[in-house]
């Protein structure tokens, strides 16, 4: 008996080591593939010459995609289904350490170059010419290049989400929805519209997030394109002023922020490793209330000024309204939503723009707080105050505070991602819809 136990003790470490070595071998292969893809990107940037960009396109995106998917598969396949964040805050990349700062600097540099100096990445843009010619019948510009990277990021990191949260049906469906809307409504359909000589239009982005969709110049240009342009104007008005309040009343802001929106799609996939970095301090919440509603007022005033100027043929405001629009586009559309909103993922969490700047999120939040049927219910008797829910809330909500008091969570900022419920080890939290009166029944 003792001999069999001793043999088992001798064999088990070898078996574990063998499995670990097997995983590490595949991870090394995956990192090699990613490094090859990055090196090819570098060669393209410095001006490597080739007869056709098509092989380079497949090499760049293909090796990075294959390497990333292999890494994610090996990272999660050996472990049983379930969320594991072991040693997360001991990892510098995930806890705002030096590697996180490096990535933040690279992302910030990329957005600055993309918005204001695209001539420095002309070779990268030309890399996407084969894809652009195939689906748009025209060479790629810097926005098509950005859309391609954006979509690839959501799809690749979305697959990571599907593997990581494979035990959670809500996360699987939600992530699949984000991937679908980004690929179809924010990438392929706009490209096909260009192919058909129609206006490039993003049906998954609504006003005031897509702030120029209700600007007079945009409306007039859509009308000039004929019947489809009229439908686009109708879609903008109906979706922004009818669908938004109705669906938010029924399902909360999660229907858009966590299921449809491209900004939310990038935050939930590419930004998932950084969700724990959102600030839970009272000062951050106070800043959030003022900042996000200030942006909402800014875009409403800008839109009104443009329409007043248009209806009076410039007699009232002259060029002042256009300057106002350009200022909004620069400060909010470029710096806040792009440079800071994505570039600061590794420092401030994955919902910087959604939490502090998105005007559509502000509207959705007001409806959700006062008029929606959505809430997160809590079972305080089961709460053991582990704090996982608060730690991984990407919107900086102190979920544990509500759970300890058995209070329903009804916050304007909550995007209904469901991660708080997913990481709870006791099943304390549940995303529900009910009557408005039931929302504020704290004691069950």
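Among the conditions (1) touching a strand residue (DSSP E or B) at 6+ places or on another chain (Cβ under 9 Å); (2) under 29 Å from residue 227 (Cα atoms), the only one that residue 170 does not satisfy is (2). Can you find a residue in the range 26-38 that is surrounded by fewer than 14 Cβ atoms within 10 Å (Cβ to Cβ), over 25 Å from the mean Cα position of the chain (by Cα) and modelled with pLDDT under 80? Within the range 26-38, not a single residue is surrounded by fewer than 14 Cβ atoms within 10 Å (Cβ to Cβ), over 25 Å from the mean Cα position of the chain (by Cα) and modelled with pLDDT under 80. Note on the range 105-156: residues that are surrounded by 19 or more Cβ atoms within 10 Å (Cβ to Cβ), over 23 Å from the mean Cα position of the chain (by Cα) and not in a helix (DSSP H, G or I) total 1. When you check residue 201 against the structure, is it crowded, with 18+ Cβ neighbours inside 10 Å, within 22 Å of the chain's Cα centre (by Cα) and outside any helix (DSSP H, G or I), yes or no? Yes. A Cβ distance below 7 Å, combined with a sequence gap of six or more or placement on separate chains, defines the contacts here; from the range 385-398, residues that are touching a residue at least 24 places away in the same chain (Cβ under 8 Å) and at positive phi reach residues that are in a helix (DSSP H, G or I) and crowded, with 22+ Cβ neighbours inside 10 Å in the pairs 396/355.
Can you confirm whether residue 406 is in contact with a strand residue (DSSP E or B) (Cβ under 9 Å, 6 or more places away or on another chain), in a loop (DSSP other than H, G, I, E, B) and not assigned by TED's automatic domain parsing to the domain that holds residue 284?
yes
Cβ-Cβ distances below 9 Å connect no pair with a first residue in the range 148-164 that is under 14 Å from residue 273 (Cα atoms) and outside the structural domain of residue 128 (by TED's automatic domain parsing), a second residue that is modelled with pLDDT under 95 and buried (at least 19 other Cβ atoms within 10 Å of the Cβ), and a separation of six or more residues or different chains.
Checked against the criterion of being modelled with pLDDT under 95 and assigned by TED's automatic domain parsing to the domain that holds residue 283, the candidates 348, 384 yield just one match: 348. Within this structure, residue 188 passes the test of being farther than 21 Å from residue 365 by Cα and surrounded by fewer than 16 Cβ atoms within 10 Å (Cβ to Cβ).
Here's the yes/no breakdown for (1) out of contact with any strand residue (DSSP E or B) (no Cβ under 8 Å at 6 or more places or on another chain); (2) free of Cβ contacts under 8 Å to residues at least 40 places away in the same chain; (3) closer than 26 Å to residue 249 by Cβ:
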| residue | (1), (2), (3) |
| --- | --- |
| 293 | yes, no, yes |
| 300 | yes, no, yes |
| 310 | yes, no, no |
| 331 | yes, yes, no |
| 342 | yes, no, no |
| 348 | yes, no, no |
| 366 | yes, no, yes |
| 369 | yes, no, yes |
| 376 | no, no, yes |
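Looking across the range 211-252, the residues that are surrounded by fewer than 18 Cβ atoms within 10 Å (Cβ to Cβ) and in a loop (DSSP other than H, G, I, E, B) come down to 225, 226.
The values are calculated or read from the model by the stated rules, or taken from the named source; none is laboratory data. Just so it is clear, the model here is predicted, and its values are computed rather than measured. Heads up, the Cβs are rebuilt from the backbone with ideal geometry, glycines too, and the neighbour counts pull from every protein chain shown.
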